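Below is one structure; the comments refer to it alone.
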Amino acid sequence: MNSNSSIPTLLCVVGARPNFMKIAPIFSELKKYPQVVRPYLVHTGQHYDAAMKDAFFNQLGIPEPDMDLGVGSGSHAVQTAQVMLHFEPVLDEVKPFAVLVVGDVNSTIACGLVAVKKHIPLIHVESGLRSNDRYMPEEINRVLTDQISELLFTTERLAEKNLENEGIAPDKIHFVGNVMIDSLLNNVKKAKPFYETLGERGEGLKLPIKEKEYAVLTLHRPSNVDDPETLGRLLKAIAEISLHLPIIFPIHPRTQKMADEAGLTELLEGSRIVVLPPVGYLEMLGLVSSSKLVLTDSGGLQEETTALGIPCITLRENTERPITVEQGTNTIVGTDTEKLMACVKATIATGGRSGKIPEYWDGQAAERIFSVIREKML
Ligand code: UD1
């Protein structure tokens with residue numbers, strides 16, 4: 001398996017869709033130094049559908065994983081436990097000098113826990129983000145992963161303060177910028193034009209969809225979609241918003257399933273809402289870049305819209321990415337539908353917030369990360 005055992009192996013983990021754009025620039029940076037480090041990629045299989053995985057690997061130029069654990073979906077306990085069980089023998093065989101995890105999904109904490117119990121140092125990319133909302137599964141994953149990490153890479157200055165408040169030694173923390181923005185800057189010129197992604201779907205609408213005259217919607221947080229009453233209330237508001245601005249909605253499998261089960265899909269059948277299956281990275285980049293505004297409960301999109309200068313309205317009560325509000329284009333409206341309508345109307349009328357690009361969101365985060373790893377661990 002290890003063709004040249006004298007070169008130390010860094011094992012990198014991905015599991016779910018938002019991990020892929022974070023690992024891509026790190027992996028390509030590591031590949032530049034074949035005499036120094038051997039990158040080894042594990043995909044846990046948390047996201048497995050072609051639309052949730054393959055499209056991203058292909059478009060982002062991520063090589064096929066060296067190992068796919070094939071874990072799939074399940075409750076939090078089942079999914080986390082399955083990742084741990086399948087990951088342990090891989091560590092025994094590969095014997096990396098460190099394990100690198102990104103973000104805050106179940107695969108992140110599961111692999112992190114296995115690594116540290118085997119005394120293999122853990123590196124966490126995107127450390128220190130806090131929503132201070134422990135009902136969010138990702139918040140538990142973030143806090144715990146940071147506690148057991150040896151090297152913690154942050155995307156914004158406040159993250160460092162959060163970590164120090166939780167007792168993490170300052171010399172473990174490195175502010176390097178945002179690898180997701182590395183991916184965005186590497187790919188923005190390759191973004192697929194929105195009209196190609198819409199294809200024939202757009203032509204069935206009463207109004208043709210034009211550049212900068214539509215909104216993009218994403219919705220998948222359990223707190224927004226798992227309760228039929230909340231999901232129904234949000235989708236009614238979305239249907240009303242679509243009367244002011246057509247909406248393109250690439251729907252997450254979790255949301256599709258909940259809407260089907262709760263009999264809510266007819267709310268999405270208005271002639272000014274285009275529901276698409278999950279789209280690839282370049283398709284999403286194209287849809288967002290040409291939109292007037294984005295409505296979302298995603299963490300990553302709050303950052304991507306800030307980097308692109310597109311107004312973002314976040315359908316959550318809090319954010320773990322406050323810099324997108326302080327400096328970027330993000331407005332947190334929560335799920336109160338009156339506030340949401342007021343914010344959408346104001347954004348349409350004024351053009352919304354323009355914001356500025358946060359420090360170190362410059363396309364060089366992966367380079368900074370490898371230079372710290374090299375200095376500290378190689
Ligand atoms: C996970 C992450 C979340 C991230 C999101 C991005 C956790 C706790 N949550 O949430 O932080 O924002 O990914 O998408 O790790 N499914 C499919 N095909 C797939 C994968 C999932 O149909 O390839 C469906 C299954 O019905 C599954 C459901 O989506 O049960 C939820 O998937 P899961 O990975 O558990 O969580 P996400 O909601 O995707």
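The values are calculated or read from the model by the stated rules, or taken from the named source; none is laboratory data. This is a predicted model, so every value here is computed, not measured. Positions of Cβ are generated from backbone atoms using ideal geometry, with glycine treated the same way; all protein chains shown enter the neighbour counts. Heads up: the accessible areas ignore ligands, DNA and RNA and are worked out on the full protein's heavy atoms, side chains in. Shrake-Rupley method; radii C 1.70, N 1.55, O 1.52, S 1.80 Å.
Here are the numbers for this structure:
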read-out	value
All positions within segment 59-109 that are in contact with a Leu (Cβ under 6 Å, 6 or more places away or on another chain) and of a type outside the set (A, V, I, L, M, F, W, C)	Q59, P65, D66, H86, P96
Top-ranked residue in segment 89-111 [being away from the ligand (no atom under 16 Å from the Cβ) and either free of Cβ contacts under 8 Å to residues at least 24 places away in the same chain or part of a helix (DSSP H, G or I) (or both); ranked as most open to solvent (accessible area, probe 1.4 Å)]	E93
Members of segment 229-253 found to be farther than 21 Å from V288 by Cα, within 16 Å of the ligand (Cβ to nearest atom) and of a type outside the set (V, I, T), listed by number	L231
R353 being touching a Gly at 6+ places or on another chain (Cβ under 8 Å), more than 22 Å from R142 (Cα to Cα) and modelled with pLDDT under 95	yes
Search result, residues across segment 140-159 that are farther than 22 Å from S183 by Cβ, of a type in the set (D, E) and under 20 Å from the mean Cα position of the chain (by Cα)	D146
Residue pairs meeting the criteria (Cβ under 8 Å; at least 6 apart or on separate chains; first within 20 Å of D171 (Cβ to Cβ), in segment 140-152; second of a type in the set (V, I, T) and within 16 Å of the ligand (Cβ to nearest atom))	T145/V101; T145/T108; T145/I109
Candidate set: segment 335-347, residues that are touching a Leu at 6+ places or on another chain (Cβ under 9 Å) and at pLDDT 95 or above; chosen: the one nearest to N224 (Cα to Cα)	L340
Those residues of segment 68-88 which are within 10 Å of the ligand (Cβ to nearest atom), small (G, A, S) and without any contact (Cβ under 8 Å) to a residue 24 or more places away in the chain, in sequence order	G74, S75
Count of segment 291-300 residues which are part of a helix (DSSP H, G or I) and open to solvent by less than 10 Å² (accessible area, probe 1.4 Å)	1
Subset of segment 56-68 [outside any helix (DSSP H, G or I) and either hydroxyl-bearing (S, T, Y) or open to solvent by 70 Å² or more (accessible area, probe 1.4 Å) (or both)]	E64, D66, D68
Members of segment 145-159 found to be open to solvent by 10 Å² or more (accessible area, probe 1.4 Å) and within 14 Å of S131 (Cα to Cα), listed by number	L158
Matching residues, segment 122-133, being outside any strand (DSSP E or B), crowded, with 18+ Cβ neighbours inside 10 Å and of a type outside the set (S, T, N, Q)	G128, L129, R130
Residue match in segment 256-272 (condition: within 19 Å of the chain's Cα centre (by Cα) and on the phi > 0 side of the Ramachandran plot)	no
Exclusive hit being surrounded by fewer than 20 Cβ atoms within 10 Å (Cβ to Cβ) and either among the acidic types (D, E) or part of a loop (DSSP other than H, G, I, E, B) (or both), set V78, V36, V71	V36
Condition met for A24 (surrounded by 16 or more Cβ atoms within 10 Å (Cβ to Cβ) and not in a strand (DSSP E or B))	yes
Test: K31 is surrounded by fewer than 17 Cβ atoms within 10 Å (Cβ to Cβ) and not β-branched (V, I, T)	yes
Subset of segment 39-55 [buried (at least 24 other Cβ atoms within 10 Å of the Cβ) and in contact (Cβ under 8 Å) with a residue 40 or more places away in the chain]	V42, T44, Q46
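Condition check ((1) assigned by TED's automatic domain parsing to the domain that holds F57; (2) among the polar types (S, T, N, Q); (3) open to solvent by less than 10 Å² (accessible area, probe 1.4 Å); (4) at pLDDT 95 or above) across all residues:
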{"residue": "Y195", "(1), (2), (3), (4)": "no, no, no, no"}
{"residue": "L207", "(1), (2), (3), (4)": "no, no, no, no"}
{"residue": "R221", "(1), (2), (3), (4)": "no, no, no, yes"}
{"residue": "I248", "(1), (2), (3), (4)": "no, no, yes, yes"}
